[in-house]
1. So, in nm, how far is label V34 from label N143 when the simple model puts each one 7 Å beyond its Cα toward the Cβ?
2. Please find the FRET efficiency linking V92 to D185, where r is the Cβ-Cβ separation and R0 is fixed at 30 Å, and quote it to the nearest 0.05.
3. Can you give me the distance in nm between label points at E155 and N203, each placed 7 Å from the Cα along the Cα-to-Cβ direction?
4. From the backbone phi of segment 188-195, what are the Karplus-calculated ³J(HN,Hα) couplings (6.51 cos²θ - 1.76 cosθ + 1.60, θ = phi - 60°) in whole Hz, Gly and Pro given as x?
5. Quick one: order L98, L77 from most to least accessible surface, probe 1.4 Å.
6. Mind scanning K51/K190; K29/K134; K115/K153; K51/K82; K134/K187 and naming the pairs with a C-alpha gap bigger than 19 Å?
Amino acid sequence: MKRITLIWSFVVILFTSCETDFNVNAEWKEIFVVHGLLDAGDSIQYIRISKAYLGEGDAIVMAGLSDSISFKPSDLLVEIHKIGFNDTLSSVICNDTLIQKEDGLFSTDNNIIFKVKPPSDFLADNYRYALSIKNLETGNQVNANTEVISFFKFETNLSYPLGFYNPNSGDLGIEFPTKNIQWNDSKNGKIYQLDLVFSYFENG
């Protein structure tokens, strides 16, 4: 009799625990998603600011709604600070603008980008730059900082022409001439990408 009672109690506990409901979504929290590149060779700097989203519905449907991923531009104060020896030397404020976006998974409506045209001497070597973003409505703020990449130099003499297949190379044995392109790592440079552009004339 005791054995039957124990088995029955286990079955009751098992079915009771399976009826427990729980919420898979955490409480709402404001999270900034920021993409930006400071390019000293460009007169205008661009910063893309969006927000992470989570809800009870379909995440793909939410991605297609601008309210899900975009902040209200008037709520954000976006600044870039030029810092030397831990002191802020100058600052510029980024203003919002709309840029056309190709169709895709995320909303193309109100594709808001923040941009600024700083003074010509704003981005320079030996300085640190800090990005600060503050939501004036909620008080939340995020910050990031970086240094300018400088002193990049190729080790390879690029004036030497790259060659194509040459069936008339004769005894030189270089039907497929090759050339290695090398460069020195730049301070603060972590990722490099090489693009080759071929200019040619076609005869015949």
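1. For the pair V34/N143, the computed spacing is 1.0 nm.
2. Efficiency, from the Cβ-Cβ distance: 0.50.
3. 3.7 nm
4. So the J values, rounded to whole Hz, are 6, x, 10, 10, 10, 9, 9, 10.
5. L98, L77
6. K51/K190; K115/K153; K51/K82; K134/K187
The values are calculated or read from the model by the stated rules, or taken from the named source; none is laboratory data. What you see is a predicted model; the values in this text were computed from it and never measured. Counting neighbours? That spans all protein chains shown, and the Cβs are built from the backbone with ideal geometry, glycine included. For accessibility, only protein heavy atoms count, side chains too; no ligands or nucleic acids. Shrake-Rupley method; radii C 1.70, N 1.55, O 1.52, S 1.80 Å.
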